[in-house]
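As structure tokens, the structure follows; a few thoughts come after it.
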Amino acid sequence: MALAFDEFGRPFIILREQETKNRLRGLDAQKANISAGKAVARILRTSLGPKGMDKMLQSPDGDVIISNDGATILEQMDVDNQIAKLMVELSRSQDYEIGDGTTGVVVLAGSLLEQAERLLERGIHPIRIAEGYEMASRIAVEHLEQIANKFEFGETILEPLIQTCMTTLSSKIVNRCKRSLAEIAVKAVLAVADLERKDVNLDLIKVEGKVGGKLEDTELVYGIIVDKDMSHPQMPKQIVDANIAILTCPFEPPKPKTKHKVDIDTVEKFQTLRKQEQKYFDDMVQQCKDVGATLVICQWGFDDEANHLLMHRNLPAVRWVGGVELELIAIATGGRIVPRFQELTAEKLGKAGIVREKAFGTTKDRMLYIEHCANSRAVTIFIRGGNKMIIEETKRSIHDALCVARNLIRNNSIVYGGGSAEIACSIAVEAAADKYPGVEQYAIRAFGDALESIPMALAENSGLQPIETLSAVKSQQIKDNYPHFGIDCNDVGTNDMREQNVFETLIGKQQQILLATQVVKMILKIDDVISPSEY
């Protein structure tokens, strides 16, 4: 390293060692990769379970997020290491596919990497470890199928779905209201579900939040809530049996496409122009009235003159409604979005039983409720909370609960939580390891040990003695041949997760194991890290 000066006398450093610097290869590269993966898993480990801690994340512009949702934490983290980015992608893919279990999948992957590091130190080739992990994951997934139970539910039997959603919400900040939020999530999913096809379109469920009120004030609205109010304060605040014209054309005279200039040098010319504009507005309002519209919802704004005319003609209107909200309103009310006034017909109007404006708090913030719609398959979950952070975290928690309910409708098989499924799989994997004659049996046993990291973390985060608690539950499972014994995180007094009503979806748990195994195999097969300067 040498110090040099440029033509302005400013010093700069020359690094002569750059040429002789060796890049990471072989075992060193593998250990560095494993170390990066373990570091990410270690961050999330303390967030696992109902007693897991929360993370506070501060963005560069000063915004603060408090969450214990694995996908959210990793999404907000500024990660540079490429292997750490793989772990972020792992959590994101679990979130996209399942919606829940984003923390558990990263903790499991970190534990698999930890076990792989020990095997590498004993001289076992990474390809052998990867093959052993693949075999073990197949054994674990098959065993989950065997210990799973089917849940029968219907439009009148909601309790199984509610209990499963409550398990998901019990690890969130909002766990004190988990029963009411779980009921809201289940009712919302069933409102938009097609039970014959076992399909749920979550896009039909809008989640809206407003600061103020208590978390208990969160409600499910069978319709759409728009964060807007009537364009004129004297317009009616409630419309029964509304016929809604949904417009994407503005209430204003057409503007020439080319540059133009209007010279008005006499009063007569000004009055002519004003009359022409007024006639134009009149015609637009009359067109809406003629087709039978009793409410106009417009994507664009309109000026004071149009607003005044709408009020005088008894045609309530809402302006500046976003495109996504406009589409949802169209779906819910059975209406068509109209791009030009000439195309407006009675058949294109949306129908709603009641449209009302509701005011909140001392500041009288107003929102528009569109309820009892023609197509009741579009619903809104309206969240209240003390501050923005609570509302954002509740939105994330509700999303997880909605995804769990959707997964149960797709496949109504469940396994029991509290680490019981992982312990049962660990026992099954260890028993199967003896049947494999090759070196892979060491990797299969290591996989079984890695599965125990989930119940171990649950016990640790709940303030229990981790090794002692895990040993007791494992021996209890083997002795009674009963796979539903798990960690008693809530200190209820029984380890039977069936009795505690702690459930998780089978497809969510299987996906965790498969995704974690895939990513760990990928990391183990990397033996050369090339930096951008060496391309």
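How do the pairs read when you match residues in region 365-394 that are polar (S, T, N, Q) with residues anywhere that are buried (at least 20 other Cβ atoms within 10 Å of the Cβ) and in a loop (DSSP other than H, G, I, E, B), using Cβ under 6 Å and keeping only pairs 6 or more apart or on different chains?
Correct list of pairs: 394/174.
State whether the residues of region 227-245 include one that is more than 30 Å from residue 153 (Cα to Cα), polar (S, T, N, Q) and part of a strand (DSSP E or B).
Yes, because at least one residue in region 227-245 is more than 30 Å from residue 153 (Cα to Cα), polar (S, T, N, Q) and part of a strand (DSSP E or B).
Residues that are under 30 Å from residue 139 (Cα atoms): find the strands (runs of 3 or more DSSP E) completely inside region 364-430 holding 3 or more of those. Walk me through it before giving the result.
Working: elements: 365-373, 379-385, 413-416.
Answer list for region 364-430: 413-416.
Would you check if residue 269 is more than 28 Å from the chain's Cα centre (by Cα), open to solvent by 30 Å² or more (accessible area, probe 1.4 Å), modelled with pLDDT under 85 and among the charged types (D, E, K, R)?
Judged against the criteria, residue 269 is a match.
Go through 47, 91, 59, 67 for me and flag whichever is modelled with pLDDT under 85 and under 21 Å from the mean Cα position of the chain (by Cα).
On the way: 47 fails: modelled with pLDDT under 85; 91 fails: modelled with pLDDT under 85; 67 fails: modelled with pLDDT under 85.
Step by step, each of 47, 91, 59, 67 is checked, and only 59 is modelled with pLDDT under 85 and under 21 Å from the mean Cα position of the chain (by Cα).
For residues that are closer than 22 Å to residue 456 by Cα and touching a strand residue (DSSP E or B) at 6+ places or on another chain (Cβ under 6 Å), scanning just region 43-91, find the one that is surrounded by the fewest Cβ atoms within 10 Å (Cβ to Cβ).
My answer is 54.
In region 189-208, is there at least one residue being open to solvent by 20 Å² or more (accessible area, probe 1.4 Å), more than 27 Å from residue 369 (Cβ to Cβ), in contact (Cβ under 8 Å) with a residue 40 or more places away in the chain and touching a strand residue (DSSP E or B) at 6+ places or on another chain (Cβ under 8 Å)?
Within region 189-208, one or more residues are open to solvent by 20 Å² or more (accessible area, probe 1.4 Å), more than 27 Å from residue 369 (Cβ to Cβ), in contact (Cβ under 8 Å) with a residue 40 or more places away in the chain and touching a strand residue (DSSP E or B) at 6+ places or on another chain (Cβ under 8 Å).
So which residues in region 73-85 are part of a helix (DSSP H, G or I) and in contact with a helix residue (DSSP H, G or I) (Cβ under 6 Å, 6 or more places away or on another chain), if there are any at all?
Matches in region 73-85: 74, 83, 84.
Residues are listed down the side, and each one gets a yes or a no for (1) touching a helix residue (DSSP H, G or I) at 6+ places or on another chain (Cβ under 6 Å); (2) of a type in the set (Gly, Ala, Ser); (3) over 24 Å from residue 206 (Cα atoms); (4) surrounded by 12 or more Cβ atoms within 10 Å (Cβ to Cβ):
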position	(1), (2), (3), (4)
265	no, no, yes, no
278	no, no, yes, yes
303	no, no, yes, yes
311	no, no, yes, yes
314	no, no, yes, no
319	no, no, no, yes
333	no, no, no, yes
349	no, no, no, yes
356	no, no, no, yes
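The values are calculated or read from the model by the stated rules, or taken from the named source; none is laboratory data. Bear in mind the structure is a predicted one, so any value in this text is a computation, not a measurement. Quick reminder, even Gly has a Cβ in these numbers, built from the backbone with ideal geometry, and neighbours come from all protein chains shown. Surface areas here come from the heavy atoms of the whole protein model, side chains and all, with no ligands, DNA or RNA. Shrake-Rupley method; radii C 1.70, N 1.55, O 1.52, S 1.80 Å.
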